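Values quoted throughout were computed directly from the atomic coordinates according to the rules given, and no laboratory measurement underlies them. Quick caveat, the model's predicted, so the values are computed rather than measured. Positions of Cβ are generated from backbone atoms using ideal geometry, with glycine treated the same way; all protein chains shown enter the neighbour counts.
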Amino acid sequence: MKGLLRAALLVVVAGILLELFFVLRIAAAAVIDPQSTTFQRSEAWRIATEKDPSTPLRTGKLRWRQQWVPYERISDNLKRAVIASEDDGFVNHEGVDWEALEKAWEKNAKAEEQAARRANRPSATSQLRPAPAPKVVGGSTITQQLAKNLLLSGERTLLRKGQEFVLTMTLEATLSKRRILEIYLNSVEWGDGVFGAEAAAQHYWHKPASQLSAYEAARLAVMLPRPKYFETRSQSGYLASRAQLIVGRMRSAELP
């Protein structure tokens, strides 16, 4: 019995220490530019250790692009495009957009229901080719995405989601909206080994992030939900049409 109590106490203490570590990391981010995130480090490990298909006995080379630039050196076009595309209520909510989250849950439930109906109605083509998985729609705000990428792993569990909410509230309580957006734009993934606005602007448009036009910024913003996918599909019709839509919405995007 004592052994169980001791183990439980150790788990509680470890949990408290972990939360304290997270709080200190967030507090430090108010004045110190984060040089890497948990997600970036996991991606660096993946890229460095993955097998090169052309040479099966050798691991891949580390492909990495990132350069921190201050808020003032990131085009307002990109800031507006990202807010319009990812989180149009960014400056007004307190970290979580409950309305957007509810809509995302409803869309995902509907998509899963439609997928289940298709699975129960087998056809000749479905026997030859499996039905596509239902498209999952996210409802995460910019602050939630930063909390996940900055400090958490990529696993999808209720415990990790709960931790994400706690860290989101801590970010909102500790950092200004301007600082949250600055860190997000400097650390978010924009391709395989491409992180941050400056690296993305140089990689896709061969110019600094400060000089991005409205359309160029919109194209980058549209890539964010699936950056690796769109990196290999730069001529996608969806990418172009969605970017034009975001350009039209950028005028109403409010900056912190």
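Taking 25 Å as R0, compute the FRET efficiency from the Cβ-Cβ separation of ASP76 and ARG25 and round it to 0.05.
Once rounded, the FRET efficiency stands at 0.30.
May I ask which of LYS148/LYS177; LYS177/LYS228; LYS161/LYS228; LYS2/LYS161; LYS79/LYS148 have a Cα-Cα span longer than 25 Å here?
Check vs 25 Å cut-off fails for LYS177/LYS228; LYS2/LYS161.
Whose amide H sits under 5 Å from the amide H of TRP190, counting only residues 5 or more places off or on another chain, with H placed in the peptide plane?
The answer is PHE195, GLY196.
So how do TYR229, TYR184, TYR204 line up by other beta-carbon neighbours within 10 Å, fewest first?
TYR229, TYR204, TYR184
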